[in-house]
Amino acid sequence: MESCCRCCMPCLHRLWDRLWPDARRRSDTHDNHVIANPAAEAAEIRTVSGDIRVPSPKKRPVQLYAALFDFEARSDEELTVKEGDKLSVIEKRGDYVLAKKLTGSLESGLVPANYVALLQDEFAKHKWYYGNINRVKAEKLLLASQNNDGSFLVRISESHSDEYTISTRGEGKVYHFRIQRSSIGAYFVSDKLSFATLGELISYYQRNPRILGVLLKEPCAQQRELFDMEPWERPREEFQLHKKLGEGHFGEVWEALWTAENRKVAIKMLKQEDTKQDEFVKEVQALKSLHHPKLIQLLAMCSRGEPVYIVTELMCKGSLKSYLTGAEGQVLTSAHLIYMGSQIAEGMAYLEDRSIVHRDLAARNILVGDDLVCKVADFGLARIIKDSVYTASRNTKIPVRWTAPEAAIHQRFSVKSDVWSFGVLLYEMMSRGKMPYEGKSNKEVMDLLTSGFRLPCPPRCPPNIYHIMMGCWAAEPIKRPSFHALHSQLDSIYARIYFKTIEV
Ligand code: ATP
């Protein structure tokens, strides 16, 4: 038996090759570039006024980033990168970074910030770490209405590139504290107290606010409205509508050709007479800031004139619900379905990390592309939550069959209520598109759930997958697994099926 690594991607790729030997993986097309010689970038010595030689300004140390996923540029400003490409990041710009390739073509351009990770950055995991933003931007962010006294961030110092600054809001003002480095690399604000890591320093001052005289309570909240809408706006003439794909809550969805990019796209239109503009705007706001290969990607907008278009990537097989009930869906094996479920859990784990609740997770809101690629869509009800639970207003329409009891009855939405919905989505998948609680009214469903009843194991569903579903339907939200755990469980079951260590 071959051994399986903990990381799912190599296994998936091998499985992929076996299940679909003719399919080409995008990452197979990577070039084996050579890393450019850093000496070529070394500071020059210039001569001014005769023979007085001055060094060029001190360069920031090169920080090596890697692209986490493939990203295709949508305009001249953006940079196409492949998973694993080595990059240097010149600056952060809103939700993007201006990056330069360190291999091959050495081009530069914008890449979504979440698509890159600093290879040697121990801080990237901290929500308070804002990297390369200047003092003015830090103040603007902290003073915006989403932040309060005690909101703070840490940024790279403008004058000393290997040092940092804590910017924190107190009594409506922003205070800045320089974090210096000792000769052995320790971090300190006051030289009486030094710390091995920036994380330790921050948590010390969080616990001892008197020493700095200000609170470091919550990481600065990202300001969505500071993110410029303009780059998404495109002239309507660039889109040729081809065929209607479906109709949803807001209006029609069309397949179209984006002529300027020579690429097929999906266009969601806002019904002209519709009064749901607010929700529509919320969907766009949510989509703008999300970048993950397992979430549907916003490509452009036409918001001037009517109807408003939201342009997203086209998923050629449409919604998972219709795919499951169609001819192809009916012949999918459990292995295929588990592979698809694992991708959905991966996309949801990205939302989980950002405390975003989707609130409408169901097969109808998953889109399917070639090679069984699945992406989470329909962010109309998605919300960022601050205190782990979002209490919706009583008149919010709720998809009862997919909604956890505490959310359906008390409007208490959380990542864990999304996990409940994921269990129902798994049920839809394993039953190849069956309506959950078929034949029952919404009221009957609520009564059944309150009395402890749960959906039965669908025919042909492996017991370990049903066990996962039941875990998602634990009555107490806290007992339900995380999306990260679901992703890793599904992945490992999938790998075991592949290596034939279990049969399904
Ligand atoms: P609602 O918005 O009311 O939740 P919905 O999910 O059915 O309902 P839409 O998101 O408007 O509504 O989509 C309607 C249909 O259009 C989908 O069921 C799907 O078949 C198709 N569709 C939507 N987006 C895409 C896309 N990006 N690629 C391919 N087909 C799509």
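FYI, it's all coordinate maths here, none of it is from the lab. Predicted model only: the values in this text are computed from it and were never measured. For neighbour counting, all protein chains shown are included, and Cβ atoms are generated from backbone atoms with ideal geometry for every residue, glycine included.
Using only the Cα atoms of the stretch 304-373, what are the Rg and Dmax in Å?
14.4, 47
Highest first, please rank the peptides 248-257, 190-199 by the mean number of other Cβ atoms sitting within 10 Å of their residues.
Going by the mean number of other Cβ atoms within 10 Å, highest first, we get 248-257, 190-199.
Return the sequence-ordered ³J(HN,Hα) values of the stretch 419-424 in whole Hz as given by the Karplus equation 6.51 cos²θ - 1.76 cosθ + 1.60 applied to θ = phi - 60°, using x for Gly and Pro.
The phi angles translate into 5, 4, 4, 4, x, 5 Hz.
Would you kindly derive the ³J(HN,Hα) couplings of the stretch 479-495 from the backbone phi angles with the Karplus curve 6.51 cos²θ - 1.76 cosθ + 1.60 (θ = phi - 60°), listing them in order in whole Hz, with x for Gly and Pro?
7, 7, x, 8, 5, 4, 5, 4, 4, 6, 5, 5, 4, 6, 5, 4, 5
Arrange TRP402, TRP232 by Cβ neighbour counts within 10 Å, fewest through most, would you?
TRP232, TRP402
Within 9 Å, Cβ to Cβ, of TYR309, how many net charges do the neighbouring residues add up to if Lys/Arg are +1 and Asp/Glu are -1?
Net local charge, TYR309 excluded: +3.
Just add up the charged neighbours of SER417: K/R +1, D/E -1, any other residue whose Cβ is under 10 Å from the Cβ of SER417.
+2
At a Förster radius of 35 Å, what calculated FRET efficiency corresponds to the Cβ-Cβ distance of LEU257 and GLU107, to the nearest 0.05?
Computed FRET efficiency for LEU257 and GLU107: 0.85.
Could you list VAL308, VAL419 in order of exposure, starting from the residue whose Cβ has the fewest other Cβ atoms within 10 Å?
VAL308, VAL419
Take the alpha carbon atoms of the stretch 321-498, find their radius of gyration, then divide it by 2.2 N^0.38 Å using N residues; give the quotient. Present the calculation step by step, with values, prior to reporting the outcome.
Values: Rg = 15.2 Å, N = 178, 2.2 N^0.38 = 15.8 Å.
Here the Cα radius of gyration is 0.96 times the empirical estimate.
Can you give the direction-averaged projected area of the convex hull of the alpha-carbon atoms in the stretch 64-118, in nm²?
Working: hull surface 12.6 nm².
Computed as one quarter of the Cα hull surface, the answer is 3.1 nm².
Could you tell me which of the pairs LYS294/LYS434; LYS243/LYS264; LYS192/LYS217; LYS127/LYS375; LYS244/LYS288; LYS82/LYS294 are separated by over 20 angstrom between their Cα atoms in the structure shown?
Values: LYS294/LYS434 24 Å; LYS243/LYS264 11 Å; LYS192/LYS217 23 Å; LYS127/LYS375 25 Å; LYS244/LYS288 24 Å; LYS82/LYS294 16 Å.
In this structure, LYS294/LYS434; LYS192/LYS217; LYS127/LYS375; LYS244/LYS288 exceed 20 Å between Cα atoms.
Net charge near GLU255: determine it from the other residues with C-beta under 14 Å of the C-beta of GLU255, scoring Lys and Arg +1 and Asp and Glu -1.
Net charge in that neighbourhood comes out at +3.
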